[in-house]
Every structure is written in C-alpha cells, then in structure tokens.
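Here the structure comes first, spelled out in structure tokens, and everything after it is commentary.
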Amino acid sequence: MSSGGQGPMDDAGMGGDGGQGARETERAWRAASPAVSHDVDSTEQLPVYHLPGDGLSMGPSLGNGHCWITTKSRGAVNAVFSSDLGQNIAGALLVRYSGLGCRLDLMGDRVSPNDGGFVQLRAEHPGMLDLHAAYVRHRFPLPGELRVRETVFVPRGTRHVATGERAGDPAAVYLLVEVSNHARESRAVRVYGFAQLRGDTAPDIRARFDPARHALVAANASHPEWTRVFGATVPVSAYETTTNASLVYDVSHMPPLRNQSDTTGGHVLGALQVDLNLAPGEECHLAFVLAFSRHGEAAALADFDASRDAAGARDATIAYYRRAIRPAEVLTPDPAINRGALWAKVNMLRVMADYPTGPAFTNDPSRSSAVVGRDAFWFVYGCDHILPHFSCGLLRAFAVRQEPSGKIIEYYHAVTGQADDYGLNINDNTPLFILAVNHHWRATGHRDCVGACYDSVARAARYIIAQEDERGLVFCTATGEELQGIIGWRNIIPNYRISGAVTEVNAECAAALRAAGHLAENLGRNDDASEFRAAAERLTDAINRHLINPDNGLYYLNIDVDGEPRTDVTSDEVFPVIFRVAPEDVAFRIISNLNVHDFWTEAGLRTTSAESPDYDPAGHWGLLGGVWPGVTWWYGFAAARYDAGGMVRALRASFQHYARAPKLHNTVPGQFSEWFDGESLVNRGMRLSPWEAPRFLWAAIEGVGGVMVRPAPLPPVVSPLLPLEWKWVGLRRLPYHGTELSYFAGRFGTPSPGADATHAELERQAGVSLRFFASGPIAFGQGQAGEIFDEDITDKIQVVNDALRCVAFRRAGELFVCVGNTAERTSVGAVELDGLVEPTHKYQLELYNSERGQWSSADATAGSTLIRVAFVVEAQGFRVLRIRAAG
C-alpha cells in the first residue's frame with residue numbers, strides 16, 4: 001500500500017458531489033459523459049478508447065504467452081485460460097468495497113450485536129472505461145467522495161517464468177486498485193479481492209493460506225501440480241475460502257472474512273481483505289494477483305513472487321506494446337484506417353501464445369487449442385510486417401507436420417500436437433501454405449526459413465498437381481458435408497457441401513503453383529521453377545475455361561462432385577481477383593457485382609446476397625449472409641486496382657463498426673470480433689477473432705500503401721492507389737529484409753473530378769502526379785518518381801495537433817518535413833524542429849501547399865525562426881517543407 005504522492009486522483013465527473021444526491025450525480029455524469037472517443041496517449045504513445053462505464057455488453061480480451069483472459073462489461077475478469085493446459089484454470093476475479101460505518105441489524109424490537117461488517121459500497125454511477133492497448137481500466141466514484149480506478153492486465157515483456165519449456169511471461173493476471181479520498185474527513189474502506197479458483201478443471205480444489213505472501217495457494221487434488229496463487233501486494237487483514245458467492249454482491253452487509261481456508265470442492269471462492277484508512281486527500285495503491293503454473297506449487301510460488309511488483313509489470317507491459325506496435329505505421333487522411341492498423345497490431349500481439357508445441361495462436365482463444373492451417377497462413381500475411389520470426393515459427397510448425405503425400409494438415413492441437421486433415425484429398429490449406437511461405441520470403445528475405453520450408457513447398461505443389469482431373473482442375477472427391485465436405489474457408493456450414501472443382505481453392509492453387517515457381521527460381525532450382533510455372537499456367541487456363549458461368553460472366557461457386565455447376569454468387573468471387581487468376585474484364589465485373597446494396601451493409605460485405613434463397617443473416621455462423629470483417633478486407637484488397645474508393649470504404653466500414661454503439665452490437669472498440677448478423681449487425685461470433693486483424697493490416701500496407709514485396713535483394717515496389725478525394729498517404733518503419741523503409745507520397749496538383757473521367761484521366765488532365773519522399777529500400781511504380789533520403793527522423797520531431805501526421809527525412813545539408821491532415825476540416829498546428837536546425841544558421845526554404853497546388857520559397861531564413869513551424873492545412877490536405885543550409 002502506498003500513497004501516490006501527488007494528491008488524489010482527479011478524474012472529471014468521478015464524484016465529489018458536494019452533497020448532491022446519487023440521482024443528481026448520475027444525471028450530471030450522463031450529461032457530461034462522451035460517446036466513444038479515441039486518442040493516442042501522449043506519454044505512453046499507445047492507442048486508447050474512452051467510453052461510459054456502462055457502454056459495453058462484454059469487455060476486451062487480453063493475452064500473453066501462457067494465459068488468456070476474457071473480461072466482463074466493466075472490465076472485471078470473467079475467466080482465466082491457461083495456454084499450457086488448454087482450459088480455464090480460474091473463473092471471475094472481482095474487487096468489491098465496503099465502508100461508511102457498521103450496519104445496525106434490527107431484529108424485532110432489539111438491535112443485534114454487530115459483527116464488524118460494513119455495508120457494501122456500490123459505484124454512484126457507471127463511471128468511465130479506458131480500453132487501452134495494454135490494459136482495461138474502470139474509473140468510478142463510491143459514496144463518501146471516494147474515487148476508484150481498477151486496472152486489469154496480463155503481463156507482457158516481463159520475461160519471467162520459473163519453470164517450463166521456454167522462457168516468457170508468466171500465466172498471471174493483475175487487478176490494480178487505486179482508491180483516493182476526496183472528502184474532508186478520513187474514510188475507512190475495506191477492499192475485497194475475490195477469485196473463483198476452479199475454472200473448468202475438476203471440482204476438487206483444495207487451498208491453504210500462505211501468510212508470508214498474503215496469498216491463497218490452491219490446487220486440484222487430482223492434479224496437485226496445477227497450482228494457483230491468489231494474493232495481494234500489501235498485507236491482508238483477513239482471508240477466506242467459501243462457497244458463499246453472495247459475499248460478492250450482498251449490498252446490505254459485508255462481514256469481515258473468517259481467516260479459514262478449509263473449503264474444498266468445485267465452487268470454491270477465494271477471498272482476501274485489505275483494510276484502508278484514508279486521510280483527506282490520500283490515495284492508496286494495491287493489487288490482487290493471480291499466478292498459475294502447471295509445474296507444481298514451487299513453480300507457481302516463484303512466479304507469484306516475481307509478479308509482486310504490479311506497477312513494474314504494468315510499466316513493462318506498456319513498454320512492450322509501445323515497442324511492438326512501432327513497426328509498420330500506416331498514415332492516411334482517414335483516421336479510421338490509421339486506427340485500424342494500430343489496433344490490428346495490438347490484437348495480433350494479444351493472441352500470440354507460447355504453447356507446449358511451440359509459438360502459435362489458436363482459432364478460438366479460451367475455447368480451443370486448435371492451430372488451423374488457413375488461419376495461420378493468412379496470419380503470416382500481416383505478421384510478416386511486424387514480427388516475422390513468429391511467422392517463421394508458424395510455417396515451420398506446419399512444414400514438419402506435412403503428410404508424406406505432400407498434403408498440408410487442417411490443424412494440430414497446440415497442447416498435444418494431435419493433427420487432423422478431415423479425410424479430404426485436397427482443401428485450401430495446401431495452397432495457402434505455399435503462398436504464405438512465398439510471402440514470408442518476399443517480405444522478410446529470411447533465407448533460413450524458406451530453405452527449411454522449400455522441400456515442403458515442392459511436395460505440396462506436386463501434390464496439388466496430382467489432384468487435377470481430366471479437365472486440368474484441382475478436384476476434391478469429398479461427398480460429405482460441413483467439415484467433411486467443404487474445402488474452403490466456409491467449412492463449418494451445417495448440411496452444406498462445397499467440393500468437386502471449387503473456384504476458391506482452384507484460384508489459390510494456381511497462385512500457389514506460380515509462387516512455388518518463383519521460390520524455386522530464387523533458390524536456383526530451375527527445373528522445379530519451370531515445372532511449377534507451367535503447371536500454374538495450365539491451371540489458370542483450365543479455371544477460366546471451365547469455371548466461368550457463360551450466363552453472367554462470373555465464376556461458378558464450384559462444379560460439384562456430381563458434375564452440376566453451382567451458380568451461387570457469393571463473396572468467394574474475390575479469390576480469383578486477389579490471386580490474379582481472373583482476366584481484367586472478369587475481375588472488374590466481380591468487383592462491380594459485389595459492390596451493390598444486397599451485399600453491402602454499413603458494417604461491411606455480406607457473405608451472400610440478401611436476395612439469395614440461401615440468405616440467413618444470423619445462422620450458419622454468418623457464412624450464408626452474415627458480415628465477416630475479414631471478407632470485407634479481402635474485397636478491399638481485391639478492389640484496389642479497380643476502385644480505390646471501394647478499397648477505403650471496405651477497410652473503414654467493418655473496423656468503424658466495432659466502435660459504433662458497442663453495447664447494442666455486442667462489440668468492443670478496437671477489438672476485432674468475428675462476424676456480424678447480416679441484418680441487425682450485432683456481433684454473433686467470438687469476442688476477438690485471431691484471423692481478422694492480420695488481414696486488415698495486410699490490406700492496409702499492401703493495398704492502401706501499395707507495397708509489393710519482392711524477393712531479396714530487390715527492394716519493394718511502392719505504388720499506392722489513392723481514392724480521388726485523397727491527396728497523400730504515408731508509411732513508416734516498415735520492416736523489410738532486415739532493414740526499414742518509410743515514405744510519404746503526395747499528389748502534386750489538384751484535379752477537378754468529372755462524372756465520366758477515369759482516375760488516370762483526371763490526374764493527367766490536371767497535371768497531377770504522385771511524388772514520393774522516402775528512406776530505406778524502395779522502388780517506385782511505373783511513371784512515378786521520388787527522392788531518397790538517408791534516414792527517417794520523424795521521431796525527433798514533435799507535432800502540435802493530433803489531427804496532423806508527420807513524416808520527416810534528412811540527408812546531408814537538408815531536412816524534409818511532410819505534414820498531412822487527417823481531419824475533415826482545416827487544422828492549425830506546428831512541428832517542433834528543436835535540435836534539428838541551428839538557431840544561428842541561415843536556411844533556404846521551399847514549401848508546397850496542396851490546397852494551392854504550388855511551391856513557394858524563401859532565402860536566408862534564420863534557424864531561430866524554425867524551432868517551431870506553424871501550418872494551416874486544409875481538410876485532408878498536406879504541406880511539404882524542404883529546409884536546406886544556405887550558402
């Protein structure tokens with residue numbers, strides 16, 4: 001327990017009602033509470049959403065290498081999942097408060113003796129929630145002018161596990177509690193920490209109290225090595241294990257705990273009591289910590305001991321996320337896309353776990369330990385841009401589990417290693433594995449990884465060829481349904497079959513054979529390269545000969561095993577476009593046909609048309625009419641070459657929906673949930689879907705950002721396709737082949753949109769060109785030009801005005817500062833160049849104004865006037881300032 005040393009917390013609207021009643025306090029809070037808002041913490045440099053404390057129907061999910069937690073609507077822990085066991089090892093973790101004096105218990109005509117209990121103190125109003133990259137925090141007032149902040153997180157970057165196969169963060173959960181007294185008199189407050197100690201394990205929990213650690217130590221009788229330690233970071237006044245769950249929510253009376261730990265069985269509730277006496281203006285800090293180990297009591301106690309510095313663990317976790325999301329910063333005029341890229345990285349980091357079989361993520365954290373091939377391979381597309389070593393681990397995990405035939409398995413169990421392929425002769429996992437290896441090679445230049453995986457790639461490619469029928473199409477012979485009869489990404493539709501010659505999988509196989517040819521050529525396997533490229537060309541030709549419906553010019557869903565073509569037009573039409581199998585006219589037709597009202601909602605693209613007889617917006621896991629954000633982002637990537645505005649619309653729609661009335665839609669702002677009802681747009685899928693976020697990041701970097709990764713030693717070709725209303729785009733710190741690249745691209749000229757003019761015609765008529773300024777390895781697209789600088793110095797510049805985004809470069813004798821406006825209104829701000837210019841030196845200046853579409857210049861400007869440079873930038877426009885040493 002400690003005092004903050006800086007006076008009590010000052011959370012606006014959090015209490016201090018000066019005698020007003022509870023109703024007046026809540027009415028004032030309601031009037032003052034903002035809707036969902038977002039910012040980037042200036043100190044921690046991490047994104048955070050703010051919303052009213054009753055604004056969610058469920059809370060965010062958080063994870064590290066060894067545990068995963070789900071939270072309740074106001075941030076309390078709902079359940080604790082052990083990645084090492086593959087099951088929940090604890091249920092809810094809650095904090096409660098009592099105080100304001102002893103309760104008189106009136107029994108008939110007499111007053112019974114008081115047992116020392118207090119009335120429970122409930123929040124005077126719902127308060128505020130902070131959904132931070134590293135934690136969830138609930139801020140609220142209690143009666144008696146007390147203010148509380150509860151912060152829940154799991155540790156990242158602390159690098160401690162006492163016993164286990166690998167080093168990493170412990171399976172631990174923190175509930176930080178800060179209580180401050182804003183009254184004029186002292187307050188006695190009793191703080192209780194509660195933990196449901198069983199989780200989903202056997203109902204045979206036994207516990208004891210460890211007085212030296214102020215902690216309850218609990219384990220299963222059937223598995224005594226499965227040990228939890230639930231303790232406090234300050235001395236506790238009392239403890240108890242009980243089955244009396246009403247202790248948590250009995251408003252009228254909260255007695256002191258009994259100092260007994262003899263309760264056993266299934267519904268064991270662990271409780272700890274901390275008594276505080278707060279002077280006026282005093283603030284106290286404490287934490288409840290739950291640590292778990294499957295390696296016995298000694299290991300669990302060691303992990304708990306190493307976790308007692310709650311503030312240090314919080315700071316290490318914040319530092320971890322700050323460091324881990326720095327790579328691949330996406331900068332556009334659309335703040336929703338910028339936020340989406342930030343939160344995509346946060347979501348990806350949360351699901352990365354260190355399972356007994358190795359680093360991986362599962363298809364449904366806290367409910368499943370299945371590492372699914374297609375999920376892992378699409379994850380690689382985004383992960384290569386932030387943590388490529390994790391991508392490498394996923395690829396190697398599937399390479400070593402490849403079947404002797406060359407087929408890639410459907411999934412393996414992250415705890416036991418057990419694998420399955422559902423008995424299908426072919427599905428999408430085999431081609432997606434090849435494509436992921438190729439992407440990893442091109443994005444990272446990781447020769448060791450591609451070398452370790454190449455033989456598996458070659459076997460997989462030849463296996464694909466062996467599954468072709470007499471028409472040259474890859475053919476699945478499955479006659480079952482659901483998992484045993486659907487060979488693409490929608491494989492869990494009940495009573496449904498998509499097998500035979502499936503357009504989705506054939507498109508992936510054609511691209512995979514093409515990619516295998518590229519990999520073979522890069523590694524000097526020329527015979528393999530010729531074989532695979534020829535096979536890719538044959539398959540592409542067969543797809544466009546047999547799988548295009550002559551009646552509408554779109555692709556069949558499939559030609560079934562019975563020989564009948566399925567003409568359903570679904571979101572699966574995007575695959576021949578994404579994988580460059582569709583001819584240009586067919587690709588354009590697909591994008592146009594999906595860009596209509598019966599597919600589109602304000603939350604993104606439906607999987608099937610609302611006019612289809614199969615349309616079921618709420619059932620079948622949303623796969624026959626629900627809205628899957630990842631599908632929307634597939635569409636966005638596919639649309640980029642044909643409709644840049646459609647690409648932006650797709651990226652924005654589903655991500656923005658997470659923060660649009662989250663309580664109504666059962667979403668969490670910043671958290672990538674799985675799928676929405678196609679009509680109500682309510683989230684009906686998992687809380688945090690592991691495979692949605694990487695698709696967003698991939699589409700933002702390689703679609704919006706226009707980055708085309710290439711094999712080492714070639715630099716990437718950067719050719720963004722900006723919608724007509726955009727004037728600029730940027731990307732910073734993109735990892736590439738062991739180094740980093742950054743760029744800013746702006747339209748130099750201002751086109752006047754015409755109703756019938758094409759994107760290219762408008763720019764040509766207006767004399768507009770996209771011009772790049774960059775550092776690191778980069779090549780520009782055809783007809784584009786730019787300047788290369790020695791280094792990205794953006795981190796040395798402070799920007800005044802959060803609506804402005806800056807990318808700055810330096811080379812000998814020259815600074816180059818690019819400022820883009822993300823607001824839909826004119827923004828006034830400044831950049832601070834202190835330390836980058838010498839106050840006594842003279843400089844030549846050039847300034848480009850995107851509103852005017854022209855440059856202006858000034859000579860012999862004193863460096864002292866450049867310490868802070870102000871800008872007035874039109875809505876979503878930009879300014880470019882070149883500073884050269886004079887003379």
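Quick notes
- In the stretch 247-264, the residues that are on the phi > 0 side of the Ramachandran plot reach residues that are modelled with pLDDT of 90 or more with C-beta atoms within less than 8 angstrom, at least six apart or across chains, in these pairs: ASN259/PHE209; ASN259/ALA238; ASN259/TYR239; ASN259/GLU240.
- Taking the stretch 338-375 as the range and being over 15 Å from the mean Cα position of the chain (by Cα) and of a type in the set (A, V, I, L, M) as the test, the residues that pass are ALA360, ALA370, VAL371, VAL372.
- Boolean, LEU557 is over 22 Å from GLU702 (Cβ atoms) and touching an Asp or Glu at 6+ places or on another chain (Cβ under 8 Å): yes
- Just one of the numbered conditions (1) within 22 Å of LYS345 (Cβ to Cβ); (2) open to solvent by 30 Å² or more (accessible area, probe 1.4 Å); (3) at pLDDT 95 or above; (4) part of a loop (DSSP other than H, G, I, E, B) is not true of HIS50: (4).
- Here TRP675 fulfils each of the conditions (1) within 21 Å of LEU623 (Cβ to Cβ); (2) surrounded by fewer than 24 Cβ atoms within 10 Å (Cβ to Cβ) apart from (2).
- Taking residues in the stretch 285-296 that are of a type outside the set (Ser, Thr, Tyr), and partners anywhere that are assigned to a strand (DSSP E or B) and modelled with pLDDT under 95, the pairs with Cβ atoms closer than 9 Å and at least 6 places apart or on different chains are HIS285/SER2; HIS285/SER3; LEU286/SER2.
- The residues in the stretch 50-102 that are within 28 Å of ASP354 (Cα to Cα) and of a type in the set (Ser, Thr, Tyr) can be counted, and the count is 6.
- Among the residues of the stretch 602-625, those that are surrounded by 22 or more Cβ atoms within 10 Å (Cβ to Cβ) and under 25 Å from VAL704 (Cβ atoms) comprise ALA603, GLY604, LEU605, ARG606, THR607.
- Check on ARG471, more than 28 Å from GLN87 (Cβ to Cβ) and either in a helix (DSSP H, G or I) or within 29 Å of the chain's Cα centre (by Cα) (or both): no
- Checked against the criterion of being touching a residue at least 24 places away in the same chain (Cβ under 8 Å), in contact with a Gly (Cβ under 9 Å, 6 or more places away or on another chain) and aliphatic (A, V, I, L, M), the candidates VAL577, VAL561 yield just one match: VAL561.
The rows are residues; the columns are (1) assigned to a helix (DSSP H, G or I); (2) modelled with pLDDT of 95 or more; (3) open to solvent by 10 Å² or more (accessible area, probe 1.4 Å).
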{"position": "ASN506", "(1), (2), (3)": "yes, yes, no"}
{"position": "ALA511", "(1), (2), (3)": "yes, yes, no"}
{"position": "ALA515", "(1), (2), (3)": "yes, yes, no"}
{"position": "LEU519", "(1), (2), (3)": "yes, yes, no"}
{"position": "PHE532", "(1), (2), (3)": "yes, yes, no"}
{"position": "ARG545", "(1), (2), (3)": "yes, yes, yes"}
{"position": "PRO550", "(1), (2), (3)": "no, yes, yes"}
{"position": "GLY553", "(1), (2), (3)": "no, yes, yes"}
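- Inspection of the stretch 183-201 finds a residue satisfying the criterion of being of a type in the set (Ser, Thr, Tyr) and open to solvent by 10 Å² or more (accessible area, probe 1.4 Å).
- Residues satisfying the stated conditions in the stretch 794-824, i.e. farther than 16 Å from VAL40 by Cβ, surrounded by fewer than 21 Cβ atoms within 10 Å (Cβ to Cβ) and over 27 Å from the mean Cα position of the chain (by Cα): LYS796, ARG810, ARG811, ALA812, GLY813, GLU814
- The lone criterion from (1) under 14 Å from SER499 (Cβ atoms); (2) open to solvent by less than 50 Å² (accessible area, probe 1.4 Å) left unmet by LEU539 is number (1).
- Some residue of the stretch 324-337 being under 18 Å from the mean Cα position of the chain (by Cα), modelled with pLDDT of 95 or more, charged (D, E, K, R) and open to solvent by less than 20 Å² (accessible area, probe 1.4 Å): no
- Considering residues of the stretch 132-148 that are open to solvent by less than 10 Å² (accessible area, probe 1.4 Å) and under 27 Å from the mean Cα position of the chain (by Cα) only, the residue farthest from ARG96 (Cα to Cα): ALA133
- Condition check for ALA344: in contact (Cβ under 8 Å) with a residue 12 or more places away in the chain, open to solvent by less than 10 Å² (accessible area, probe 1.4 Å) and out of contact with any strand residue (DSSP E or B) (no Cβ under 6 Å at 6 or more places or on another chain): yes
- Scanning the stretch 853-873 for residues that are open to solvent by 50 Å² or more (accessible area, probe 1.4 Å), without any contact (Cβ under 8 Å) to a residue 24 or more places away in the chain and over 21 Å from VAL800 (Cβ atoms) gives GLN854, TRP855, SER856, SER857.
- ARG580 basic (Lys, Arg) and under 30 Å from the mean Cα position of the chain (by Cα): yes
- The residues of the stretch 621-649 that are within 17 Å of the chain's Cα centre (by Cα) and in contact (Cβ under 8 Å) with a residue 40 or more places away in the chain, listed by number, are TRP628, PRO629, GLY630, VAL631, TRP633, TRP634.
- Selection within the stretch 564-582 - open to solvent by less than 50 Å² (accessible area, probe 1.4 Å), part of a loop (DSSP other than H, G, I, E, B) and out of contact with any Pro (no Cβ under 8 Å at 6 or more places or on another chain): ASP568, VAL569, PHE579, VAL581
- When the test is whether a residue is part of a helix (DSSP H, G or I) and either open to solvent by 10 Å² or more (accessible area, probe 1.4 Å) or in contact with a strand residue (DSSP E or B) (Cβ under 8 Å, 6 or more places away or on another chain) (or both), TYR454 does not pass it.
- Of VAL251, VAL234, VAL268, all but one fail to be under 18 Å from VAL80 (Cα atoms) and either surrounded by fewer than 20 Cβ atoms within 10 Å (Cβ to Cβ) or within 35 Å of the chain's Cα centre (by Cα) (or both); the exception is VAL268.
- Verdict on THR416 being open to solvent by 10 Å² or more (accessible area, probe 1.4 Å), β-branched (Val, Ile, Thr) and touching a helix residue (DSSP H, G or I) at 6+ places or on another chain (Cβ under 8 Å): no
- Check on ALA316, over 17 Å from SER61 (Cβ atoms), over 19 Å from the mean Cα position of the chain (by Cα) and open to solvent by less than 20 Å² (accessible area, probe 1.4 Å): no
- Test: residue in the stretch 866-879 that is under 24 Å from GLU787 (Cα atoms) and in a loop (DSSP other than H, G, I, E, B): yes
- If you filter the stretch 437-468 down to residues that are over 19 Å from PRO713 (Cβ atoms) and hydroxyl-bearing (Ser, Thr, Tyr), you find that the one that is nearest to the chain's Cα centre (by Cα) is SER456.
- Residues that are part of a loop (DSSP other than H, G, I, E, B), at pLDDT below 50 and surrounded by fewer than 16 Cβ atoms within 10 Å (Cβ to Cβ), drawn from the stretch 708-767: SER752, PRO753, GLY754, ALA755, ASP756, THR758, GLY767
The values are calculated or read from the model by the stated rules, or taken from the named source; none is laboratory data. These numbers were taken from a predicted model, which means no experiment stands behind them. Note: ideal-geometry Cβ built from the backbone for every residue, glycine included; neighbour counts use all protein chains shown. These area figures cover heavy atoms from the full protein model, side chains too; ligands, DNA and RNA do not enter into them. Shrake-Rupley method; radii C 1.70, N 1.55, O 1.52, S 1.80 Å.
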